[in-house]
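The values are calculated or read from the model by the stated rules, or taken from the named source; none is laboratory data. It should be emphasised that the depicted structure is a prediction, and the values quoted were computed from it without experimental measurement. Every residue, glycine as well, gets a Cβ built from its backbone with ideal geometry; the counts of neighbours run over all protein chains shown. Surface areas here come from the heavy atoms of the whole protein model, side chains and all, with no ligands, DNA or RNA. Shrake-Rupley method; radii C 1.70, N 1.55, O 1.52, S 1.80 Å.
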Amino acid sequence: MTTYEQIFENNRRWISEKKASDHDFFDKLAKGQNPDFLYIGCSDSRVATEELMGVSPGEVFVHRNIANLVCNNDLNVMSIINFAINQLQVKHVIVCGHYGCGGVKAAMQARDLGILNPWLRNIRDVYRLHRHELNAVGDEEQRYKRLVELNVEEQALNVIKTAAVQKTYMSTGYPLVHGWVFDMKSGNLIDLKIDFQEKLKDIQEIYNLGAGEE
Ligand code: CO
């Protein structure tokens, strides 16, 4: 395990490595950002966003919270979605969950978790929406994995419910919204292949915030 002091040594080594491969690396970095991706994922320390995506600093705008939730009254995530779409003009919005998620696991248990209750309630709502499918899965581990996937899908739908996504998509064809699951046992990044256009159409039957703007 890394000690506190080692972090600053690591940082100095990282600076030399970056400068060795590109002398102007930090000058370019300081000039500004123009990422194509907004990534909304879990805070879990094992899900290392840039590393598992194989991208460099400046390529992904990142938001992480417990269990990668997109709650419509969370000013933090809503500000990030708005800024990423309207200012940064990202082309892809990704919600990434992961198997083995402690937040999802906690929401499956009959326990009072204090301040976490209202946060994890969102996952219990996902369970309730899909309870017939989930209850039909006999194996608990498989049911847990399926809830991780369904939670990603529902949070991706929450992204699609925003005016920012609907209006910008209708005028520019972007952003596209995706759902991923990271399987840390294998390192695989799994694309759940959410049909964005079909989901958008379905969502707009009820949550249409883009009408009359064209
Ligand atoms: Co997690």
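A few remarks follow.
- Selection status of Lys105, open to solvent by 20 Å² or more (accessible area, probe 1.4 Å) and within 15 Å of Val181 (Cβ to Cβ): yes
- Failed item, numbered, when Leu147 is tested on (1) of a type outside the set (Val, Ile, Thr); (2) within 15 Å of the ligand (Cβ to nearest atom); (3) in a loop (DSSP other than H, G, I, E, B): (3)
- Exclusive hit being farther than 16 Å from Asp44 by Cβ, at pLDDT 95 or above and buried (at least 17 other Cβ atoms within 10 Å of the Cβ), set Tyr169, Tyr99: Tyr169
- Residue within the stretch 139-150 that is under 20 Å from Leu38 (Cβ atoms), surrounded by 13 or more Cβ atoms within 10 Å (Cβ to Cβ) and among the hydroxyl-bearing types (Ser, Thr, Tyr) present: no
- Within the option set Lys185, Lys145, Lys161, being among the basic types (Lys, Arg) and free of Cβ contacts under 8 Å to residues at least 60 places away in the same chain holds for one residue only, Lys145.
- Selected residue [aromatic (Phe, Trp, Tyr), touching a residue at least 12 places away in the same chain (Cβ under 8 Å) and touching a Ser or Thr at 6+ places or on another chain (Cβ under 6 Å)] from Tyr99, Tyr39: Tyr39
- Counted residues, the stretch 61-98 - those being part of a loop (DSSP other than H, G, I, E, B) and within 9 Å of the ligand (Cβ to nearest atom): 3
- Considering the stretch 1-54, the qualifying helices (runs of 4 or more DSSP H), each wholly inside and each with 2 or more residues that are loosely packed, with under 10 Cβ neighbours inside 10 Å, run over 4-21, 25-31.
- Against the numbered list (1) within 30 Å of Tyr174 (Cβ to Cβ); (2) within 11 Å of the ligand (Cβ to nearest atom); (3) not polar (S, T, N, Q), Leu129 comes up short only at (2).
- Summed over the stretch 188-206, the residues that are open to solvent by less than 60 Å² (accessible area, probe 1.4 Å) and without any contact (Cβ under 8 Å) to a residue 40 or more places away in the chain give a count of 3.
- Restricted to the stretch 20-54, and to residues there that are in contact with a strand residue (DSSP E or B) (Cβ under 8 Å, 6 or more places away or on another chain) and farther than 17 Å from Pro175 by Cβ, the residue that is farthest from the ligand (Cβ to nearest atom) is Glu50.
- Filter result (open to solvent by 20 Å² or more (accessible area, probe 1.4 Å) and outside any loop (DSSP other than H, G, I, E, B)) within the stretch 108-124: Leu116, Asn117, Pro118, Trp119, Arg121, Asn122, Arg124
- Taken as a whole, the condition of being within 16 Å of the ligand (Cβ to nearest atom) and in contact with a strand residue (DSSP E or B) (Cβ under 7 Å, 6 or more places away or on another chain) does not apply to Gly102.
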